[in-house]
Amino acid sequence: MSDIASDIALARADDAVRRPAFRPAPASVAAAAAWAGLSALVAWPPDLADFGFTRELAAGFAAVSVLVLAAGFLRPGEAGLVRRVQGGSPWLVVLAGLVGLWEVATAKGGWLPMPFFPPPQAIVEVFVEDYARLADSVWHSLRLLAGGYALGALAGFSLGVAVGWSRSVGYWVHPVLRFVGPLPATAWLPLAFFVFPSSGAASTFLVALATGFPVTVLTWSGIAGVNKAYYDVARTLGAREGFLILRVAIPAALPHVFVGLFMGLGSSFAVLVVAEMLGVKAGLGWYLQWAQGWAAYANMYAALAVMALACSGLITLLFRVRDRFLSWQKGLVQW
């Protein structure tokens, strides 16, 4: 037994000697160096004014540098996050350069006028000190968007299936869609705020309207474009009209439906912000208007960053749902 154990130990030692040492990915090292340099740029040269959170921002950039360097020492197959960090290292270098240029142009050099162009420290200060109002605005926006988007998507999907399947329904609905659909949803703002009892209900209607038109048109296109041979095969097997709609037409039209859902999400988010800026007393659009009124441009830029993250996150979530329903097209379009 001791001879077998010694042979195994010798084999492992020999394999360790012959195995090449794993070196960090060069792109990760470059990205880590860029963020370390950015941390030094924020920490050491003095600011032109007394900006808060300069040390905290420098420490955060240093932590990013350490994490990126640690990811570079790991093998790409060990974790999905490691693959993303190593694959995105060139972008991390560019991002560090852009943030460094922003820091020099505002806090260090004063090339851009204040308060219209606040430094990165001011944005961090907004997230730390005004997080309660910002989080409340995000919650109100998401709640309003969810209600209007769900209502518009459901109505648009149902109407699209009806128009695509029934010629009689299409005869009456098609002219209305051609007349009303191309109008921007924001054009209905004055009428919506007059007709509906509250600004929240009016905004929900506008978001639903912005979502419903593209979903209706794309669902209608998908239903109408289904191969007729699919229906012939199903009828040969004894399928009735309900089966043809639910099990043949709708599954075949799902790629078009999701295109409409993506288009509706972008339109609804734009309408949501405009509605909140003009009538609703809560939400990210209201927060933008409030920040502009008080010349709190750091708060405005922070709200814009939150909007970008929220919209990107919602699109990512919709892509996950799409990949679940359209598994044969998974990975065809990356986000």
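The values are calculated or read from the model by the stated rules, or taken from the named source; none is laboratory data. This one's a predicted model, so the numbers in the text were calculated from it and none came from an experiment. FYI the Cβ positions are ideal-geometry reconstructions off the backbone, even for glycines, and counts take in every protein chain you see. Note: areas computed on protein heavy atoms with side chains; ligands, DNA, RNA excluded. Shrake-Rupley method; radii C 1.70, N 1.55, O 1.52, S 1.80 Å.
Descriptive notes on the structure:
- Checked against the criterion of being touching a Leu at 6+ places or on another chain (Cβ under 6 Å) and under 19 Å from Gly283 (Cα atoms), the range 205-217 contains one or more residues that satisfy it.
- Meets criteria (at pLDDT 90 or above, assigned to a loop (DSSP other than H, G, I, E, B) and touching a helix residue (DSSP H, G or I) at 6+ places or on another chain (Cβ under 7 Å)) for Val226: yes
- Residue list for the range 159-186, restricted to those being among the hydroxyl-bearing types (Ser, Thr, Tyr), open to solvent by less than 50 Å² (accessible area, probe 1.4 Å) and touching a residue at least 60 places away in the same chain (Cβ under 8 Å): none
- Of all the numbered requirements in (1) within 35 Å of the chain's Cα centre (by Cα); (2) more than 23 Å from Met263 (Cα to Cα), Ala239 misses one, and that requirement is (1).
- Some residue of the range 308-322 being touching a Lys or Arg at 6+ places or on another chain (Cβ under 8 Å), assigned by the TED database to the domain that holds Tyr131, outside any loop (DSSP other than H, G, I, E, B) and surrounded by fewer than 19 Cβ atoms within 10 Å (Cβ to Cβ): no
- Residue list for the range 27-39, restricted to those being open to solvent by 30 Å² or more (accessible area, probe 1.4 Å) and over 27 Å from the mean Cα position of the chain (by Cα): Val29, Ala30, Ala33, Ala36, Gly37
- Test: residue in the range 102-118 that is aliphatic (A, V, I, L, M), part of a loop (DSSP other than H, G, I, E, B), modelled with pLDDT under 95 and closer than 30 Å to Ala49 by Cα: yes
A quick yes/no check of all residues on (1) open to solvent by 70 Å² or more (accessible area, probe 1.4 Å); (2) β-branched (Val, Ile, Thr); (3) farther than 30 Å from Val161 by Cα:
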| site | (1), (2), (3) |
| --- | --- |
| Leu261 | no, no, no |
| Gly264 | no, no, no |
| Ser268 | no, no, no |
| Glu276 | no, no, yes |
| Ala282 | no, no, yes |
| Phe325 | yes, no, no |
| Lys330 | yes, no, no |
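- Scan of the range 88-100 for residues that are without any contact (Cβ under 8 Å) to a residue 60 or more places away in the chain, surrounded by 14 or more Cβ atoms within 10 Å (Cβ to Cβ) and part of a helix (DSSP H, G or I), ordered by number: Leu95
- The one condition in (1) in contact (Cβ under 8 Å) with a residue 24 or more places away in the chain; (2) more than 18 Å from the chain's Cα centre (by Cα) that Leu154 fails to fulfil: (1)
- Hey, Glu56 outside the structural domain of Ser28 (by the TED database), charged (D, E, K, R) and surrounded by fewer than 16 Cβ atoms within 10 Å (Cβ to Cβ) or not: no
- Filter result for Ile250 (within 29 Å of the chain's Cα centre (by Cα), modelled with pLDDT of 90 or more, of a type in the set (Val, Ile, Thr) and over 19 Å from Leu151 (Cβ atoms)): yes
- Candidate set: the range 233-292, residues that are aliphatic (A, V, I, L, M) and not in a helix (DSSP H, G or I); chosen: the one nearest to Phe213 (Cα to Cα): Val280
- Test: Pro24 is in a loop (DSSP other than H, G, I, E, B), modelled with pLDDT under 90 and either open to solvent by less than 60 Å² (accessible area, probe 1.4 Å) or not assigned by the TED database to the domain that holds Ala291 (or both): yes
- Residue satisfying all of: in the range 219-237; of a type in the set (Val, Ile, Thr) and over 30 Å from Ala150 (Cα atoms); least open to solvent (accessible area, probe 1.4 Å) among these: Val233
- Selection from the range 196-218 of residues that are open to solvent by less than 40 Å² (accessible area, probe 1.4 Å) and either in contact with a strand residue (DSSP E or B) (Cβ under 8 Å, 6 or more places away or on another chain) or within 11 Å of Ala153 (Cα to Cα) (or both): Val207, Ala208, Ala210, Thr211, Gly212, Pro214, Val215, Thr216
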